[in-house]
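Just dropping this structure here.
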Amino acid sequence: MAPLLGARLLFCLSSSLLLFALPSSSSTPSRSHSLSLRRQASILVSIRQSFRTSDPFFQSWTLLNHAALCSWNGVRCDEAKRAVVELDVSNMNISGVLSPKIAELKSLASISVPGNSFSGEFPSSVSALSSLKLLNISNNHFNGTLEWNFSRMVGLEVLDAYNNDFFGSLPVALSELPTLRHLDLGGNYFTGTIPAEYGEFRAISYLSLAGNNLVGRIPSELGNLTNLEQIYLGYYNEFEGGIPTELGRLINLVHLDLSSCGLEGEIPHQIGNLKNLDTLFLQTNQLTGTIPSQIGNLSRLRYLDLSNNALTGEIPKEFANLRELKLLHMFINQFHGEIPVFIAELPNLEVLKLWQNNFTSIIPSELGQNCRLRELDLSSNKLTGLVPKALCLGKKLEILILLNNFLFGPLLDDLGECTSLVRVRMGQNYLNGSIPRGFLYLPELSLMELQNNYLSGIIIDEPERSPGTLGQLNLSNNRLFGPLPSSIGNFSALQILLLSGNQFTGEIPSQIGLVKHLLKIDMSKNNFSGRLPPEIGDCLFLTYLDLSQNQLTEDIPSQVAQIRILNYLNVSWNQLSGSIPKEIGSMKSLTSADFSHNDLSGRVPETGQFAYFNASSFLANPQLCGPSNLNPCNISASSQLESDRQHRSFKLQLPGKSKFLLALGLLFCSIVFAVTVVIKTRLMMKRNLKSWKLTAFQKLEFGSDEIVECLNDNYIIGRGGAGIVYRGTMPNGKEVAVKRLLGISKGSTHDNGFSAEIQTLGKIRHRNIVRLLAFCSNKECNLLVYEYMPNGNLGELLHGKRAGYLNWEMRLRIAIEAAKGMCYLHHDCRPPILHRDVKSNNILLDANFEAHVADFGLAKYLRDTGTSECMSAIAGSYGYIAPEYAYTLKVDEKSDVYSFGVVLLELITGRRPIGDFGEEGLDLVQWTRISTNWSKEGVVTILDPWLKSKVPLEEAMQVFFVAMLCVQEHSAERPTMREVVLMLEQAKQSYGFRAP
């Protein structure tokens, strides 16, 4: 919609000019419908009463002040000061409805109410205002149809209804208005086709029907609108066929926007007749063939976007004539050949984006010599050669993206002086040499990616420079060496630091603790030595820390435990010594840790999170002792040998009878001890049973005794981040699931999600939400009792031993049911509930394979402020966490939507969210985007092999489309869960909706 915004700014200016141009003579009311000022004031006061606003703007609107009516805010009268001719309450944040009484102001020539929150039907009686020239009701929530009687609005020049909720067919009668020059019906819900009568407008210069649900062909009759200067037909419309050749007759056209509306076929060469064209937007369609050479005739063209189509061929040589061109987008197509020199020589070119094509050869050395280049993206082609020297000649270059090509040679020193740079992505090439001085310290830089090259040398220490904007730095998999400079502490905004796969040496500088906003550090596969600096504990927002495969020594600092939201810790394959700090066990967010292959010693702590780490996390530490495969900690090896030696000596000294009596005594003592233990255990259990408090959320036929008896290791069916789950059968035969929360001491501030789970689940009643039956608690333990789901969780059925059991119909039904559960949490609970750990393992299936959303140990109420809430700790599971959650800790319901999108991709592909995708660091979302090229037709290449050919392709494409909407990078672009439910339900009906 971005191109529409610019057009709307132009419209606002032209509308203002129109208001000043309204002739006073035509505004003077005739005697037949002249109203007194008091009567007009009374009408306005009545209209005001239907507004919901506290703005002091309307303080003057009172009957006591009727004599000054023409001075009221938002009101303008004719020159005789006898009739109201203009009403303007634009952008006043007014809600409520617009009263039909407005039509009683018969002399109105202009009504402007845009930028408010009006709702309900717009009063159709306005169509009786014969003097009306301008009607601007844009950016509100008006609904209903526009089937008005327009016959009396013979003087209407501007009708702007952009961005409302109007529906039904486009009003045909509008075409009969003789003076209408500006018509904007975009951003609504109009359906059907564009009427052929729209080609009969006599004075129209601006026409926008974009952002509706229109179908059919674009009528060729639009080619008759020879006064037309701007036309917008794309965005969410889904037209059939191609671009009408008749549009080539619109000789006054300046702006043509047909983007994102399903157009097919070739670009007609008649477009080259539009000599006044300034902007041509045809992106995100299904256009094929080559670019017609006649496009080179558009000598006034400044903005050309042909991206995201299936266009082929080379860039026409006639493009050399586009001397005014500022922006050229041709990415995501199938173009080939060289990038022509004449493109680099365009004198006004500022933005060039040709990524994801098949361009070959070198980047023209002339590129940038016009001193205007601001954005350059040539990534994912087959370009080779050197990086041109002149790219930043004008010191205006902001975006430089050349990743995934075959570029070689050094990085030019000039790049270190390109102070305008904001984003640099040059990974996956063959670049060599050192990093230029100053390149990492540029003042506006926010992203630097140089990974997977052959860069060498040291990172120059520049302590006098303080880059305050760099958020991500990726230098991994190069040949960099030397120490990490202490000036790393000056990178105050750094969030992601990736240095793995290099040859860095020396100690990790203590200044790393000054980088307070770090979220992820990966320094693995280097030669760092010395101690792990305790200052790392000052990076309180870290969620990921990988220091494996280095030569670190000394103890693991206990300060690591200060990082309360750390999710992943890997210090394996080093030379660390000493004991593992027991404080690490208190890090409730730590779900993965690896201490293996070091020289650690002592007992492995068994409390807190240590109880859930795999035994492999501690392997190859000979002096470590503990459970599982580690050495036992009861006695040391030396004391064991000494004990055996003394025992053998004692046995030799005892006569046979004494040996017998000794054995008999030991047997008796053992029996007494065992009986005592059993009696004490039973007494303790009875005391504990008496201390259990049971809270039931519905009528139960069992009590706390039966619930507690389920706590047997033989009944364990699962382990989660907040506790262990047991299966139990009650005396009445009812099966339940009992979840034992991790130990919560009295008065603890860290309750592992227990309080949140009780507060939410206890109140929830929905068919697709797992039902909480009761909870038990005492001073030592807390138990949650759920209804039992015999078919386990969705993750097990997709990725476990039963993989392939779910057919497509079952998968789609599960998706819809789970979406309904999530929709209930987001839209029907007050306040709304945020899940924060949506994943396939938290979607449980009952005996009929009906889906139930589970595990609200991480749920949290959204505040009523309408803004994202900054959580106190990272929660969620790898592969499911939305980008804004993992990197900023700011979440809203759209974070759950992202996670649900990952679940949909699991259902489609059968793959886990993280795993072997052929490239390090690649997850399911990234792999899907690469494999399908963002095309719904590409879903056939990623379908779960277990499904074979038994999938309705139309349904699969539409579910894939919904999934990709859910995992959009920016949360604002994701749908709500209510919209997800609607789209999935429509997907179940053949051709229920068409994905763009």
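Could you identify the single residue in Ile218, Ile231, Ile243, Ile295 that is surrounded by 22 or more Cβ atoms within 10 Å (Cβ to Cβ), without any contact (Cβ under 8 Å) to a residue 60 or more places away in the chain and either polar (S, T, N, Q) or under 23 Å from His336 (Cβ atoms) (or both)?
Numbers: Ile218 fails: either polar (S, T, N, Q) or under 23 Å from His336 (Cβ atoms) (or both); Ile231 fails: either polar (S, T, N, Q) or under 23 Å from His336 (Cβ atoms) (or both); Ile243 fails: either polar (S, T, N, Q) or under 23 Å from His336 (Cβ atoms) (or both).
The match here is Ile295.
While we're here: Give the residues of region 469-498 that are assigned to a loop (DSSP other than H, G, I, E, B) and within 12 Å of Pro509 (Cβ to Cβ), sorted by residue number.
The first filter runs over region 469-498 and keeps only residues assigned to a loop (DSSP other than H, G, I, E, B), leaving 469-471, 475-478, 483-485, 491-495.
Hits for region 469-498 are Pro483, Leu484, Pro485, Phe491.
Separate question: In region 441-476, which residues are within 27 Å of the chain's Cα centre (by Cα), of a type in the set (D, E, K, R) and farther than 17 Å from Leu412 by Cα?
Across region 441-476, the qualifying residue is only Glu444.
Could I ask something else about it? Take the residues in region 501-516 that are surrounded by fewer than 18 Cβ atoms within 10 Å (Cβ to Cβ) and in a loop (DSSP other than H, G, I, E, B); name whichever of them is modelled with the lowest pLDDT.
In this case the residue turns out to be Lys516.
Which of the residues belonging to region 47-91 are surrounded by fewer than 15 Cβ atoms within 10 Å (Cβ to Cβ) and in contact with a Gly (Cβ under 6 Å, 6 or more places away or on another chain)?
Correct list: Arg52, Asn91.
Yes or no: Ala80 among the small types (Gly, Ala, Ser) and either modelled with pLDDT of 90 or more or outside any loop (DSSP other than H, G, I, E, B) (or both)?
Values: among the small types (Gly, Ala, Ser): yes; either modelled with pLDDT of 90 or more or outside any loop (DSSP other than H, G, I, E, B) (or both): no.
So Ala80 does not fit the description; no.
So, in region 259-274, of the ones that are assigned to a loop (DSSP other than H, G, I, E, B) and more than 27 Å from the chain's Cα centre (by Cα), which residue ends up farthest from Arg300 (Cα to Cα)?
Leu263
Hey, can you tell me all the residues within region 284-297 that are farther than 13 Å from Gly242 by Cα and either in a strand (DSSP E or B) or in contact with an Asp or Glu (Cβ under 6 Å, 6 or more places away or on another chain) (or both)?
Across region 284-297, the qualifying residues are Ser293, Gly296.
I'm told Met448 meets every condition in (1) of a type outside the set (Lys, Arg); (2) surrounded by fewer than 20 Cβ atoms within 10 Å (Cβ to Cβ); (3) touching a helix residue (DSSP H, G or I) at 6+ places or on another chain (Cβ under 7 Å); (4) closer than 25 Å to Glu417 by Cβ except one. Can you identify the failing condition by its number?
The one condition Met448 does not meet is (2).
Right, here's the next one. Looking at region 154-195, what strands (runs of 3 or more DSSP E) fall wholly within it and have at least 1 residues that are surrounded by fewer than 21 Cβ atoms within 10 Å (Cβ to Cβ) and among the hydroxyl-bearing types (Ser, Thr, Tyr)?
Values: elements: 158-160, 165-169, 182-184, 189-192.
Where strands (runs of 3 or more DSSP E) fall fully within region 154-195 and carry at least 1 residues being surrounded by fewer than 21 Cβ atoms within 10 Å (Cβ to Cβ) and among the hydroxyl-bearing types (Ser, Thr, Tyr), they are 165-169, 189-192.
Output the residues belonging to region 757-779 that are among the basic types (Lys, Arg), at pLDDT 75 or above and closer than 20 Å to Gly703 by Cα.
Arg771
Right, another one. Of these, Asn782, Asn732, Asn714, which one is surrounded by 17 or more Cβ atoms within 10 Å (Cβ to Cβ), more than 22 Å from Leu794 (Cα to Cα) and modelled with pLDDT of 75 or more?
Numbers: Asn732 fails: surrounded by 17 or more Cβ atoms within 10 Å (Cβ to Cβ); Asn714 fails: surrounded by 17 or more Cβ atoms within 10 Å (Cβ to Cβ).
Of Asn782, Asn732, Asn714, the one residue that is surrounded by 17 or more Cβ atoms within 10 Å (Cβ to Cβ), more than 22 Å from Leu794 (Cα to Cα) and modelled with pLDDT of 75 or more is Asn782.
Residue-wise test of (1) surrounded by 22 or more Cβ atoms within 10 Å (Cβ to Cβ); (2) at pLDDT 95 or above.
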site: Glu462; (1), (2): no, no
site: Leu470; (1), (2): yes, no
site: Ser487; (1), (2): no, no
site: Leu494; (1), (2): yes, no
site: Leu499; (1), (2): yes, yes
site: Lys520; (1), (2): no, no
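Do we find a residue being farther than 28 Å from Ile536 by Cβ and in a loop (DSSP other than H, G, I, E, B) anywhere in region 439-453? Working first, answer last.
The initial filter retains those residues of region 439-453 that are farther than 28 Å from Ile536 by Cβ, namely 444.
Subsequent filtering for residues that are in a loop (DSSP other than H, G, I, E, B) retains 444.
Within region 439-453 (the criterion being farther than 28 Å from Ile536 by Cβ and in a loop (DSSP other than H, G, I, E, B)), the answer is yes, since at least one residue qualifies.
Across region 405-438, which residue is farthest from Leu373 (Cα to Cα) among those that are in contact with a helix residue (DSSP H, G or I) (Cβ under 6 Å, 6 or more places away or on another chain) and assigned to a loop (DSSP other than H, G, I, E, B)? Full working, then the answer.
So the first thing to find is which residues in region 405-438 are in contact with a helix residue (DSSP H, G or I) (Cβ under 6 Å, 6 or more places away or on another chain), and the list is 415-416, 436-438.
Now drop any that are not assigned to a loop (DSSP other than H, G, I, E, B), which leaves 436-438.
Working: Pro436: 21, Arg437: 23, Gly438: 21 Å.
By that ranking, first place goes to Arg437.
With region 517-601 as the region, which strands (runs of 3 or more DSSP E) entirely inside it contain at least 1 residues that are among the small types (Gly, Ala, Ser)?
Values: elements: 520-522, 527-530, 544-546, 568-570, 592-594.
By residue number, 527-530, 592-594.
Okay, residues lined up against (1) farther than 21 Å from Leu327 by Cβ; (2) modelled with pLDDT under 90; (3) not assigned by TED's automatic domain parsing to the domain that holds Phe491:
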{"site": "Ala390", "(1), (2), (3)": "no, no, yes"}
{"site": "Lys396", "(1), (2), (3)": "no, no, yes"}
{"site": "Ile399", "(1), (2), (3)": "no, no, yes"}
{"site": "Leu412", "(1), (2), (3)": "yes, yes, yes"}
{"site": "Pro436", "(1), (2), (3)": "yes, no, yes"}
{"site": "Leu447", "(1), (2), (3)": "yes, no, yes"}
{"site": "Asn452", "(1), (2), (3)": "yes, no, yes"}
{"site": "Leu473", "(1), (2), (3)": "yes, no, no"}
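Between residues in region 503-523 that are more than 16 Å from Gly482 (Cβ to Cβ) and residues that are of a type in the set (D, E, K, R), which pairs lie under 6 Å by C-beta distance while being six or more apart or on different chains?
Partner pairs satisfying both residue conditions: Ser510/Glu535; Gly513/Glu535; Gly513/Asp538; Asp522/Asp546.
Return yes when Ser60 is free of Cβ contacts under 8 Å to residues at least 60 places away in the same chain and either touching a Ser or Thr at 6+ places or on another chain (Cβ under 8 Å) or among the charged types (D, E, K, R) (or both) and no when it is not.
Values: free of Cβ contacts under 8 Å to residues at least 60 places away in the same chain: yes; either touching a Ser or Thr at 6+ places or on another chain (Cβ under 8 Å) or among the charged types (D, E, K, R) (or both): yes.
Criteria met by Ser60.
So is Phe541 within 26 Å of Leu480 (Cβ to Cβ), within 24 Å of the chain's Cα centre (by Cα) and either buried (at least 19 other Cβ atoms within 10 Å of the Cβ) or modelled with pLDDT under 95 (or both) or not?
Details: within 26 Å of Leu480 (Cβ to Cβ): yes; within 24 Å of the chain's Cα centre (by Cα): yes; either buried (at least 19 other Cβ atoms within 10 Å of the Cβ) or modelled with pLDDT under 95 (or both): yes.
Spelling it out, Phe541 is indeed within 26 Å of Leu480 (Cβ to Cβ), within 24 Å of the chain's Cα centre (by Cα) and either buried (at least 19 other Cβ atoms within 10 Å of the Cβ) or modelled with pLDDT under 95 (or both).
Scan region 359-390 residue by residue and report those that are surrounded by 17 or more Cβ atoms within 10 Å (Cβ to Cβ) and over 22 Å from Asn452 (Cα atoms).
Kept after step one, since they are surrounded by 17 or more Cβ atoms within 10 Å (Cβ to Cβ), are these residues of region 359-390: 359, 363-364, 367-370, 372-381, 383, 387-388, 390.
Correct list: Pro364, Leu367, Gly368, Gln369, Asn370, Arg372, Leu373, Arg374, Glu375, Ala390.
How many of the residues making up region 87-124 are of a type outside the set (A, V, I, L, M, F, W, C), touching a strand residue (DSSP E or B) at 6+ places or on another chain (Cβ under 9 Å) and part of a helix (DSSP H, G or I)?
The qualifying residues number 1.
The values are calculated or read from the model by the stated rules, or taken from the named source; none is laboratory data. Computed from a predicted structure; not experimentally measured. Neighbour counts run over all protein chains shown; Cβ positions are idealised from the backbone, glycine included.
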